[in-house]
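**Student:** Dropping the structure in here first, questions after.
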Amino acid sequence: MVAGALVLTACTSAPDASPDGSDGPARAVGDVLPASVVDPLVAALPQESVAAVPTMRLADGLLPPTNRWFSGLVFGDAPMPVFPFPISFQLTEGGLAAGQPAPVASATAIVGPALPDITLDLGATSAVVSAYDDVSVTVEHRDGDAVLGHTVVAQGSPTVSYTAASAQVDTLGQAVDPLDDGRGTITVGDSTWGVVVTGGSLDGSSVDLDEGGSVVLVAVPAGADDDQVAAVLDAAASPLTGVATSYRASGSGDAAVQTTELSYETASGGDTLVVAVPHQGDAAVTAGGADTGLRYPTVYGTVGLSTGTGLTFDAPTTTASPALDLDGVTDDQRATIAEQLAVDVAQTPTFAADTYYGGKALYRATMLWQLATQLGDEASAETMKTKIVDELDLWTDPAGCETRDQECFVYDPAVKGVVGKATSFGSDEFNDHYFHYGYFLYAAGVMAAADPSLAEGWQPVMDLLAADIASGSQNGSFPDRRAFDPYWSHSWASGYSPFADGNNQESSSEAVTAYAGLSLWAGASGDDALGAEATWMLSAESQAALAYYVTPDLDDDVYAGVGGAAGFDHEVVSLNWGGKRDYATWFSAEPSAIAGIQLIPLSPTSMGYLTSEGAGGAEKVAALVAEAAPDGFDGALGDYVLMYSALEGAAAADSAWDTLLTLPEDAVDDGNSRAYALAWVAAAGAAARG
């Protein structure tokens, strides 16, 4: 299989499919928002690039891969380093360089920058991305108009595979210590790299390749003995060509899981080298694989190197929820919530005009409507429904941007995506689309499920928002699953990734909300295929949110300080990159914001994964809250920290309830309301009491 080929099916065994994660039949990628559905919807939107189109190093015919771990290779005036875990990779003036990042921890960050440990000069004058799939990317190296060859790198592979398009002589940055014919090692500082040439010869630093010949560079973990080095070189010998992704749902109830399978394809087939990351588990390597016994230190902990054909791993199924469970809430609490609800409904502000704050406002209003219906407040429910429907009618008018510059969407034909005309947080550069559109999808999904007549009018634009973040049919108008990375099980937020540390994601909780919203919209609009895909992504993103953000396992020597200095010592990692991990945010240094950005908006869906087996329980909740709100809950996003505190137990929920009643009005986030916060805390308390 060549890089760029993608197989994405929901492989199951039972006769009927269900987006809740139960068993169902296999689904082809063409089932998810295919061209026959998407193309006429795209044509109905105004066509406009809201921002200047960036430089793109991209082969003709490829859709621009925004929000990918490798987007920095494509966009901008100069290519940036990228991080095909566990190595780094970068383009150089004449070829490429790769490194084994060495993690260094401080009190607020774990950093492993890209390194040019090993270089290969191809005599190239330019390079473009010529193919990609969900996990790997192929770079085409050119000398003028002539194609020299192609390099493939992938998440979970410690190899750099170059295949020559014509006979050539290339040059390594250092002479090779020869082992046997066409093989050797290079040591640079503390790093060792293996070199394997097939279809050519290796002499010192010179690599002589026949047409179709290849050189594979492989990062050899420290401490490898001669036999282990030989085994690593054997497994790396066949160049990587791409990675096929598939998923399936199985089980039911508490035993329901979503399984991701990544198949690493090589030129000759058979085993290669694979590296599992922590959330995938020790058993991730596919059957028949073997642990080499070697380990890499990385910013994500110490990870093992295995031989095998791929990785298979499960995530507990997370089900999107439209409403809080208020069954166990006391009558007194209901009365208080109802009283506050009337106040919040009356004080609902004018909806914001951009996609982020506008989406949050619609989500807030929808949660108030949901509470009103649950509490039997028909007047408030009707008031909020009118506001929400009017606003969503405005946003979902395909021709809206022909007459106004806000509350409307256009299609960018150059970068291939839907963009709100009134931008925020770089949305015109394709930043954060799934954060923004998830709020719209959540609101529309909840409202249309209750009143199916609404779905038809909203569907043309809502399906485009869904396609922008979750297209899965190679339809030609949108990249498939724009931001979601199945290797890491989470998404990447930066559209163009103009950073030396790779791409990044900050708000894991808004990512979860995005795919929960997608799932709710799929259910309301009757799209079972989209629902199955949404449940897979929601479940994976929820698992990653716990593993790398909210409850990260930091019990590893790589997180300790160097030379006696304090190592990383925080409850959350709030900003994860390809090459570093930060206790920080893009917008505030307040501890409440650093924790709160991993909780916002605490949707009804959040209650599930934040109380799951992997969430750490009461002890974790108490520790996180103590760090995030040592002086109270009126800091940035402190209301979400207060709500989260209710998960410690019944007594904590009672305390959070009392505090919420007196929390200053300006301490309630604009995407939240006091009534909803009270209901969330009451529901958490009721669940704790059983």
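**Student:** Computed over the Cα atoms, what is the radius of gyration of the stretch 189-285 divided by 2.2 N^0.38 Å, N being its residue count? Numbers along the way, then the final one.
**Tutor:** Details: Rg = 17.7 Å, N = 97, 2.2 N^0.38 = 12.5 Å.
That works out to 1.42 for the stretch 189-285.
**Student:** Could you please put D227, D325, D432, D639 in sequence from largest to smallest accessible area, using a 1.4 Å probe? The partial results should precede the final answer.
**Tutor:** Values: D227 125, D325 100, D432 30, D639 0 Å².
So, going from the largest accessible area down, we get D227, D325, D432, D639.
**Student:** What order, most packed first, do the peptides 114-122, 336-344, 504-512, 582-590 have when packing is the mean number of other Cβ atoms within 10 Å of each residue?
**Tutor:** Ranking, from highest mean packing down: 504-512, 114-122, 336-344, 582-590.
**Student:** Shifting gears a bit: Which far-off residues, 5 or more places away or on another chain, put their amide H under 5 Å from the one on G149, with H placed in the peptide plane?
**Tutor:** H141, A165
**Student:** Using Cα centres only, tell me the gap between the stretch 632-671 and the stretch 567-608 in whole Å.
**Tutor:** If we compute the Cα centre of each part, the gap is 17 Å.
**Student:** Counting only C-alpha contacts under 8 Å and six or more residues apart, can you give the relative contact order of the stretch 447-547 as a whole percent?
**Tutor:** Details: 106 pairs, mean separation 26.3, N = 101.
Normalised by residue count, the contact order of the stretch 447-547 is 26 percent.
**Student:** Related question: Considering only protein heavy atoms, what per residue accessible area in square angstrom results for the chain with a 1.4 angstrom probe?
**Tutor:** Details: 23240 Å² over 690 residues.
Accessible surface, normalised per residue, equals 34 Å².
**Student:** Select from S252, G76, G289 the residue farthest towards the positive end of the dipole of the chain; place +1 on Cβ of Lys and Arg, -1 on Cβ of Asp and Glu, and compute about the Cα centre.
**Tutor:** Value computed over the given set: G76.
**Student:** Let me check something: with ligands and nucleic acids excluded, how do E378, E665, E402, E613 order by accessible area (1.4 Å probe), largest to smallest?
**Tutor:** Numbers: E378 150, E665 110, E402 130, E613 185 Å².
Largest accessible area first, the residues go E613, E378, E402, E665.
**Student:** For the stretch 561-655, what is the relative contact order in percent, using Cα pairs closer than 8 Å and at least 6 residues apart in sequence? Before the final figure, lay out the partial values.
**Tutor:** Numbers: 107 pairs, mean separation 25.3, N = 95.
In percent, rounded to a whole number, it is 27.
**Student:** Find the eigenvalues of the gyration tensor of the Cα atoms of the stretch 76-183, then list the square roots of 5 times those eigenvalues as equivalent ellipsoid semi-axes, largest first, in whole angstrom. Could the numbers behind the result be given before it?
**Tutor:** On the way: eigenvalues 123, 65, 35 Å².
So the equivalent ellipsoid measures 25, 18, 13 Å along its semi-axes.
**Student:** Provide, in order from the shortest bin, the percent of all Cα-Cα pairs of the stretch 536-690 in each 10 Å bin, continuing until the bin that contains the maximum pair distance.
**Tutor:** 11, 41, 35, 11, 2, 0
**Student:** Right, here's the next one. State to the nearest 20 debye the size of the charge dipole of the chain about its Cα centre, where the only charges are +1 on K and R beta carbons and -1 on D and E beta carbons. Please report the intermediate quantities before stating the final value.
**Tutor:** Details: 22 positive and 91 negative charges, 68 e Å.
It comes to approximately 320 debye.
**Student:** Shifting gears a bit: Going Cα to Cα from K580, which aspartates and glutamates come in below 13 Å? Please leave out same-chain ones fewer than 8 positions away.
**Tutor:** Filter leaves D501, E506.
**Student:** Short version: what are the Cα gyration tensor semi-axes of the stretch 315-405, square root of 5 times each eigenvalue, largest first, in whole Å? Present the calculation step by step, with values, prior to reporting the outcome.
**Tutor:** Values: eigenvalues 159, 66, 22 Å².
Equivalent-ellipsoid dimensions as semi-axes: 28, 18, 10 Å.
**Student:** Averaging the inverse of every distinct alpha carbon separation and then flipping it gives the Kirkwood radius. What is it for the stretch 242-301, in angstrom units? Intermediate values should be presented prior to the final figure.
**Tutor:** Values: mean 1/r = 0.0723 Å⁻¹.
One over the average 1/r among Cα pairs gives 13.8 Å for the stretch 242-301.
**Student:** Another question about this same structure. For T386, tell me the accessible area in Å² from a 1.4 Å probe, rounded to the nearest 10.
**Tutor:** The accessible area of T386 comes to roughly 60 Å².
**Student:** With no solvent and one equal point scatterer placed on each C-alpha of the stretch 400-548, evaluate the Debye formula and give log10 I(q)/I(0) for q = 0.15, 0.16, 0.20 Å⁻¹, two decimals.
**Tutor:** -0.74, -0.84, -1.30
**Student:** Which value in Å does the Kirkwood hydrodynamic radius of the stretch 399-488 take, with 1/r averaged over all unlike C-alpha pairs and then inverted?
**Tutor:** Kirkwood hydrodynamic radius for the stretch 399-488: 13.9 Å.
**Student:** Same structure again: Can you tell me the Rg and Dmax of the stretch 452-497, counting just the alpha carbons, in angstroms?
**Tutor:** In Å, with Rg to one decimal and Dmax whole: 13.0, 40.
**Student:** Could you sort D485, D177 by accessible area so the largest value comes first, with the probe set to 1.4 Å? Before the final figure, lay out the partial values.
**Tutor:** Working: D485 5, D177 90 Å².
I get D177, D485, largest accessible area first.
**Student:** On a straight-distance basis, which lysines could pair with K360 in a cross-link, Cα separation under 17 angstrom, same-chain partners fewer than 8 positions away excluded?
**Tutor:** K385, K387, K421
**Student:** Further question: Could you compute Rg(Cα) / (2.2 N^0.38 Å) for the stretch 58-104, with N its residue count?
**Tutor:** Scaled against compact globular proteins, the figure is 1.26.
**Student:** Shifting gears a bit: Are there any chymotrypsin sites (Phe, Trp or Tyr not before Pro) in the stretch 453-494 that are in a DSSP loop and have at most 13 other Cβ atoms within 10 Å? List them by number.
**Tutor:** Details: sites: W458, F484, Y487, W488, W492; in loops: Y487, W488, W492.
Of the chymotrypsin sites (Phe, Trp or Tyr not before Pro), not one in the loops of the stretch 453-494 has a Cβ with at most 13 other Cβ atoms within 10 Å.
**Student:** Using a probe of 1.4 angstrom, how much of the accessible area of the stretch 553-690 is carbon and sulfur, in percent? Before the final figure, lay out the partial values.
**Tutor:** Numbers: 2560 of 5160 Å².
C and S fraction of accessible area: 50 percent.
**Student:** For the chain, what does -39500 (n - 2.57) per DSSP helix run (n ≥ 4), summed and divided by total residues, give at 222 nm, in deg cm²/dmol to the nearest 500? Don't skip to the answer; put the middle values down first.
**Tutor:** Details: 16 runs with 211 residues, N = 690.
When only DSSP H runs of four or more count, the value is -9500 deg cm²/dmol.
**Student:** Please state the charge dipole magnitude for the stretch 618-658, taken about the Cα centre, from unit charges on C-beta atoms (+1 on K and R, -1 on D and E), reported in debye and rounded to the nearest 20. Numbers along the way, then the final one.
**Tutor:** Details: 1 positive and 8 negative charges, 28 e Å.
Approximately 140 debye in magnitude.
**Student:** Enter the accessible area of L441 (Å², nearest 10), with the probe set to 1.4 Å and all protein chains included.
**Tutor:** Ignoring ligands and nucleic acids, L441 comes out at about 0 Å².
**Student:** Report, in degrees rounded to the nearest 10, the 0 to 90 angle that the Cα long axis of helix 528-545 makes with the longest principal axis of the chain.
**Tutor:** Around 80 degrees separate the two axes.
**Student:** Helix 355-375 sits at what angle to the longest principal axis of the chain, using alpha carbons and giving 0 to 90 degrees rounded to 10?
**Tutor:** 50 degrees
**Student:** While we're looking at this one, here's another question. If R₀ is 30 angstrom, what is the calculated FRET efficiency for the pair A51 and Q347, using the beta carbon separation as r and rounding to 0.05?
**Tutor:** Values: r = 35 Å, r/R0 = 1.17.
Using R0 = 30 Å, I get an efficiency of 0.30.
**Student:** Add +1 for every Lys or Arg and -1 for every Asp or Glu among the other residues with Cβ under 12 Å from the Cβ of A516, and state the total.
**Tutor:** On the way: positive: none; negative: E510, E541.
Neighbourhood net charge equals -2.
**Student:** Using only the Cα atoms of the chain, what are the Rg and Dmax in Å?
**Tutor:** For the chain, the Cα radius of gyration and maximum Cα-Cα distance read 25.4, 82 Å.
**Student:** Let me ask another. Grab the other residues whose beta carbon is less than 11 angstrom from that of P349, score K and R as +1, D and E as -1, and report the net.
**Tutor:** Details: positive: R364, K387; negative: D344, D670.
Net charge in that neighbourhood comes out at 0.
**Student:** Can I ask one more? So, with a 1.4 angstrom probe, what is the percent of accessible area on the stretch 306-357 that is carbon and sulfur? Kindly include the intermediate steps, with their values, before the conclusion.
**Tutor:** Values: 1190 of 2390 Å².
Answer for the stretch 306-357 is 50 percent, counting heavy atoms of protein chains only.
**Student:** Run down the aspartates and glutamates and flag those whose C-alpha is under 16 Å from the C-alpha of K620, throwing out any fewer than 8 positions away in its chain.
**Tutor:** D553, D555, D569, E571, E648
**Student:** Place +1 on the Cβ of every Lys and Arg and -1 on the Cβ of every Asp and Glu in the chain, take the dipole about the Cα centre, and give the residue among G213, M607, A636 whose Cα lies farthest towards its positive end.
**Tutor:** Result: G213.
**Student:** Volume per residue, Å³, of the convex hull around the alpha-carbon atoms of the stretch 270-354?
**Tutor:** Details: hull volume 20.1 nm³, N = 85.
About 237 Å³ per residue, rounded to a whole number.
**Student:** Considering only protein heavy atoms, what is the solvent-accessible area of Y357 at a probe of 1.4 Å, reported in Å² to the nearest 10?
**Tutor:** 90 Å²
**Student:** Okay, next question. For the stretch 485-541, give the percent of accessible area contributed by carbon and sulfur heavy atoms, probe 1.4 Å, rounded to a whole number. Provide the component values of the computation, followed by the final result.
**Tutor:** Numbers: 360 of 710 Å².
Answer for the stretch 485-541 is 50 percent, counting heavy atoms of protein chains only.
**Student:** Let me ask something else about it. Normalised by the residues of the stretch 497-645, what does the relative contact order come to in percent, with Cα pairs under 8 Å and at least six apart? Intermediate values should be presented prior to the final figure.
**Tutor:** Numbers: 211 pairs, mean separation 40.0, N = 149.
Across the stretch 497-645, relative contact order equals 27 percent.
The values are calculated or read from the model by the stated rules, or taken from the named source; none is laboratory data. Small disclaimer: the values here were computed from a predicted structure and weren't measured. Positions of Cβ are generated from backbone atoms using ideal geometry, with glycine treated the same way; all protein chains shown enter the neighbour counts. Note: areas computed on protein heavy atoms with side chains; ligands, DNA, RNA excluded. Shrake-Rupley method; radii C 1.70, N 1.55, O 1.52, S 1.80 Å.
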